[in-house]
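Before any comments, here is the structure.
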Amino acid sequence: MRAYFEQGAWFAPRGSVLIVLSNFTQYIEQMKKFSRPALEGLVRRWSEPRRLIQVLAGPRQVGKSTLASQALELIDLPSRYASADDVAGRDRDWIVEQWEIARALATENRRRGALLVLDEVQKAPGWSETVKRCWDEDTRSGLRLRIALLGSSPLLLGRGLTESLAGRFETTRVAQWSYAEMHAAFGWPLERYLFFGGYPGAAPLVADEARWRQYVVDSLIETSVSRDILLLTRVDKPALLRQLFGLACAYSGQVLSYTKMLGQLQDAGNTTTLAHYLELLQGAGLVTGLQKFSGSDARQRGSSPKLLALDTGLMSAMGNGTFSEVRGDGAAWGRLVETAVGGHLARAGLAVTWWREGNREVDYVVQRGGRVTAIEVKSGTRATSLPGLAAFADRYSPDRRLVIGADGVALEEFFGSPAERWLA
């Protein structure tokens, strides 16, 4: 398989058969055939009787539109799909036009109703008010028209939904692909996933690392920043936001105070600005700043953040090292592994923090349902001592202590399972 990969051919397992994909088109078709675990729940929600607007949200290039297309093929309902990515989608009346077409379908099939799917809906001017008005009209008339909205995270999950559509929607969140998904779809080994991350559209380019890096920077990172943040949100210092993203990737897995950030960024303004920009970058599914666990919400919010790239592919694309160079550097590989563990937990929507007292530190502290799990990440072969876990246990008595890697839970096992499994 390695020989096929290095020669520029692409492969994916199908039972015991190795299918060699010799061109990019075949590879993309293979990706579209793969079903993500979220598909089953999506089909169930979209097929239910009309109750709530269904929102499918997540960062760019994680397969939201593909997931929607797969769901539409499995749902036994008349449906209408339209995307605001088209030029016409920027017109204020576009949503109403698509809605009227779907209403006609629902009227023709009054007993079963119909489904309208609007992709990248946040790009249509005044979208939330228009959706609210049309939804409420259908509610009053009793029309069985189900609505599904797709979009990138920041504003779709922000002002539009919470201000205009409060109480009328529920969200299905999708994130970058997990190791289990990349392995099942493309046969990737764990080390390749840890470096290149979980963006399926970038996967066929990894044999040419320079090309892969350029694609991730131009088509994923810059597009997310310029179109999903700067175009839709007021940002007074765009250059600073881009610098902060680069800093977060360079220091991913490390605690960095806002004061130190100010010293490394040009025209940095103040800590409030940096905290706000980190929230915007988190909303776009790029990077986040984890807060310190303290047992007190007030102290936790005022702590220095632990910077974290939400996908290791972002960290690798922004760095200078090749896969071979990073794999051969124990410290660099360790930071990559720690970032991957944090991303696996954060993408699951878990409340992830970190802890430190003096020189004793716990990499991640996860709270769920009143239970606390302390997690230490070790990328070496053995975990000789764990003073941080011991100190944390003495002070807070967590429900569970977990070592990932070394002689604890194997990395392959950890990344191959949903993050929630390790918190039971």
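The values are calculated or read from the model by the stated rules, or taken from the named source; none is laboratory data. The shown structure was predicted, so the numbers you read here are calculated from the model rather than taken from an experiment. All Cβ positions, even for glycine, are placed from backbone atoms using ideal geometry, and neighbour counts span all protein chains on display. SASA here: full protein model, heavy atoms, side chains in, ligands and nucleic acids out. Shrake-Rupley method; radii C 1.70, N 1.55, O 1.52, S 1.80 Å.
Numbers for the structure displayed
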item	result
Distribution of pairwise C-alpha distances over the stretch 56-110, 5 Å bins, in %	4, 16, 20, 21, 23, 12, 3, 0
Under the Karplus curve 6.51 cos²θ - 1.76 cosθ + 1.60, θ = phi - 60°, whole-Hz ³J(HN,Hα) for the stretch 400-412, x wherever Gly or Pro sits	8, 10, 9, 10, 9, x, 6, 9, x, 5, 4, 4, 4
Solvent-accessible heavy-atom area per residue, rounded to whole Å², over the stretch 295-368 at 1.4 Å	41 Å²
CD proxy at 222 nm, helix term only [per DSSP H run n ≥ 4: -39500 (n - 2.57); per residue of the chain; nearest 500]	-12000 deg cm²/dmol
Most fluctuating residue given options Gln266, Gln367, Gln214, as computed from a GNM of the chain linking Cα atoms under 10 Å	Gln266
Taking the C-alpha atoms of the stretch 114-261, convex hull volume expressed per residue in Å³	168 Å³
Fraction of accessible area attributable to carbon and sulfur, the chain (%, probe 1.4 Å)	47 percent
GNM result for the chain, Cα springs below 10 Å: residue of His276, His183, His344 fluctuating most strongly	His276
The stretch 52-125, relative contact order [Cα under 8 Å, separation at least 6], %	37 percent
Relative contact order (%) - the chain, alpha-carbon pairs under 8 angstrom, separation at least six	13 percent
Ordering of 57-70, 224-237 by burial proxy (mean other Cβ atoms within 10 Å per residue, highest first)	57-70, 224-237
Nearest 10 degrees, 0 to 90: helix 387-396 Cα axis against the chain principal axis	60 degrees
Dimensionless Rg ratio for the chain, taking C-alpha atoms and the 2.2 N^0.38 Å reference	1.03
Stokes-Einstein D (µm²/s) once Rh is taken as the Kirkwood radius of the stretch 46-170 over alpha-carbon pairs, at 20 °C in 1.002 mPa s	149 µm²/s
Test item: Cα-centred dipole of the chain, Lys/Arg +1 and Asp/Glu -1 on Cβ, debye	900 debye
Folded to 0 to 90 degrees: helix 38-47 orientation relative to the chain principal axis, Cα	30 degrees
Accessible area in square angstrom per residue, the stretch 205-259, 1.4 angstrom probe	44 Å²
Helix 94-108 axis, angle to the chain major axis (alpha carbon atoms, nearest 10°)	60 degrees
Solvent exposure of the stretch 53-156 as accessible area per residue, Å², 1.4 Å probe	41 Å²
Cα-based radius of gyration of the stretch 315-424 once divided by 2.2 N^0.38 Å, which approximates compact folds	1.09
